[in-house]
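These notes concern the structure reproduced below.
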Amino acid sequence: MKLNELADRPGATKKKMRVARGVGSGKGKTAGRGVKGQKSRRGVSINGFEGGQMPIHMRIPKRGFNSMNREKLAWVNLYRLQKAIDAKKLDASGEITEAALAAAGLVRRKNDGVRLLAQGELKTKVKITVTGASDAAVKAVEKAGGAVTILKPRPAAADSAA
């Protein structure tokens with residue numbers, strides 16, 4: 001085999017259709033775009049335009065609100081905490097901090113802090129310091145003989161308003 005004999009297999013490549021090259025080409029005159037109008041021109045940008053009718057994305061009611069300043073907390077459930085203690089990734093004898101949770105792989109990144117949630121069961125006595133915790137999680141840790149230190153307790157006004 002020589003370099004001048006190299007070629008693609010039959011059917012491996014397809015020639016691009018050359019449009020607007022005369023009526024005999026099969027794609028001449030309007031180049032397959034129909035006749036006249038905005039869509040037959042280049043640079044058309046009319047997505048969502050409904051002929052002057054109010055577009056659907058404007059007709060449908062908008063609901064909800066997302067605060068730009070909300071805190072983004074990573075969260076850890078009790079069963080994952082127990083699993084990490086059983087696997088010796090966390091030392092239950094010392095204090096468990098957010099940095100220790102990140103080092104053990106329970107949270108990927110701390111974001112604005114870590115929140116402890118009550119899913120699962122905790123059998124080990126632990127002392128844990130986190131940004132936030134649900135009431136059920138605090139009760140479960142205290143039931144196991146441990147203690148939870150919350151760095152940013154929720155404001156009391158928010159609880160009484162509910």
(message) For the range 56-77, which positions are without any contact (Cβ under 8 Å) to a residue 12 or more places away in the chain and not in a helix (DSSP H, G or I)?
(response) Ile60, Pro61, Lys62, Arg63, Gly64, Phe65, Asn66, Ser67, Met68, Asn69, Arg70
(message) Checking the structure you have, find out if any residue of the range 48-67 is of a type outside the set (A, V, I, L, M), modelled with pLDDT of 90 or more and touching a helix residue (DSSP H, G or I) at 6+ places or on another chain (Cβ under 8 Å).
(response) no
(request) Would you point out which residue out of Leu116, Leu101, Leu122 is modelled with pLDDT of 90 or more, crowded, with 18+ Cβ neighbours inside 10 Å, part of a strand (DSSP E or B) and outside the structural domain of Arg33 (by TED's automatic domain parsing)? (result) Leu116
(message) Considering only the range 5-18, I want to know if a residue exists there that is touching a Gly at 6+ places or on another chain (Cβ under 9 Å) and not hydrophobic (A, V, I, L, M, F, W, C).
(response) no
(message) Based on this model, can you work out whether Arg80 counts as assigned to a helix (DSSP H, G or I), assigned by TED's automatic domain parsing to the domain that holds Thr149 and within 25 Å of Lys139 (Cα to Cα)?
(response) yes
(message) Of the conditions (1) in a loop (DSSP other than H, G, I, E, B); (2) closer than 30 Å to Ala104 by Cβ, Ala31 satisfies every one except a single condition; which number is it?
(response) (2)
(request) Tell me which residues, restricted to the range 1-33, are exposed (fewer than 10 other Cβ atoms within 10 Å of the Cβ) and either among the hydroxyl-bearing types (Ser, Thr, Tyr) or at pLDDT below 90 (or both). (result) Met1, Thr13
(request) For Ala74, state whether it is among the aliphatic types (A, V, I, L, M) and out of contact with any strand residue (DSSP E or B) (no Cβ under 6 Å at 6 or more places or on another chain). (result) no
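The values are calculated or read from the model by the stated rules, or taken from the named source; none is laboratory data. Just so we're clear, the structure is a prediction, and the values are computed from it rather than from any experiment. No Cβ is skipped: glycine too gets one built from the backbone with ideal geometry, and neighbour counts run over all protein chains shown.
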